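First comes the structure, then the notes that go with it.
The values are calculated or read from the model by the stated rules, or taken from the named source; none is laboratory data. Here the structure is a predicted model, which means the values were calculated and not measured. Cβ coordinates were reconstructed from backbone atoms using ideal geometry, including for glycine residues, and neighbour counts include every protein chain displayed. SASA here: full protein model, heavy atoms, side chains in, ligands and nucleic acids out. Shrake-Rupley method; radii C 1.70, N 1.55, O 1.52, S 1.80 Å.
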Amino acid sequence: QDGTLKMNLGATGMDQTKGISGKGNDELYGRLIAPNLIGVNHSHFFSFRLDMDVDGTANSLMVDRLQTERLPESNPRRSLWKVLSSVARTESEAQRHSTMSEPEIWRIVNPGVMGPYGSPVGYQIDGHGAMTLLSPDDYMQRRAGFTNHTLWVTPFNQDEVFAAGDYPTVSTAGEGLPTWTAANRSVANTDVVAWLTLGFHHVPRPEDWPIMPVAWHSFEIRPVGF
């Protein structure tokens, strides 16, 4: 009833394991989850294609950066934080990360439609998952290039559907979002598609064996300015 769209993602199944002799500590790349069985560390990444049309197709990505501001020495308050907003003009500007140290809020807005208080109507994307732990030149990482950024924005193209390319398990490295966005096309005030990467790292527990209980992850798209 509040206009929020929420996606819940549940992970379950059987962990990949490797056998050990039972001697020594072999938990650098996994954790002992059953006698003589190591559950191997791994990551899960999902890309959600969000074809946004907020009050029409002329949309933009608004990036709200939350930054600390120092106050004068005479003020008993030494700092506060402010919001600096800007529009992403190109695909490279729309490739975003949001971390605890450099938080950002992302809104897909319609610059031509103002809400009752003078700001453009839009939808805020809430859901910042983990980022990859692999090096950029790792072949497996290059085949899942969509994990390089938490958020991507591209102009709508009906042939651009799958973030890792049409056939990710038999593809060459770099297909999908890295290839499309290399053109650095305009994404301001146009028909845009947002791609949200939701990821999490899994260090297996004994409680995950033999069948892992469902671990829930989610993101929301919330109305702003209506």
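Tabulated data
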quantity	calculated
Subset of the range 173-216 (residues that are more than 20 Å from the chain's Cα centre (by Cα), in a loop (DSSP other than H, G, I, E, B) and crowded, with 19+ Cβ neighbours inside 10 Å)	204
Among (1) of a type in the set (A, V, I, L, M, F, W, C); (2) open to solvent by 50 Å² or more (accessible area, probe 1.4 Å); (3) out of contact with any helix residue (DSSP H, G or I) (no Cβ under 9 Å at 6 or more places or on another chain); (4) at pLDDT below 95, the one test that residue 32 misses	(3)
Residue match in the range 136-152 (condition: within 28 Å of residue 12 (Cα to Cα), of a type in the set (Asp, Glu) and in contact (Cβ under 8 Å) with a residue 12 or more places away in the chain)	no
Any hit, the range 94-112, residues being basic (Lys, Arg), under 30 Å from residue 173 (Cα atoms) and open to solvent by 50 Å² or more (accessible area, probe 1.4 Å)	no
The range 113-144: number of residues that are among the acidic types (Asp, Glu) and open to solvent by 70 Å² or more (accessible area, probe 1.4 Å)	1
Filtered residue count, the range 154-172, keeping only those that are out of contact with any Asp or Glu (no Cβ under 9 Å at 6 or more places or on another chain), under 17 Å from residue 140 (Cβ atoms) and open to solvent by less than 30 Å² (accessible area, probe 1.4 Å)	2
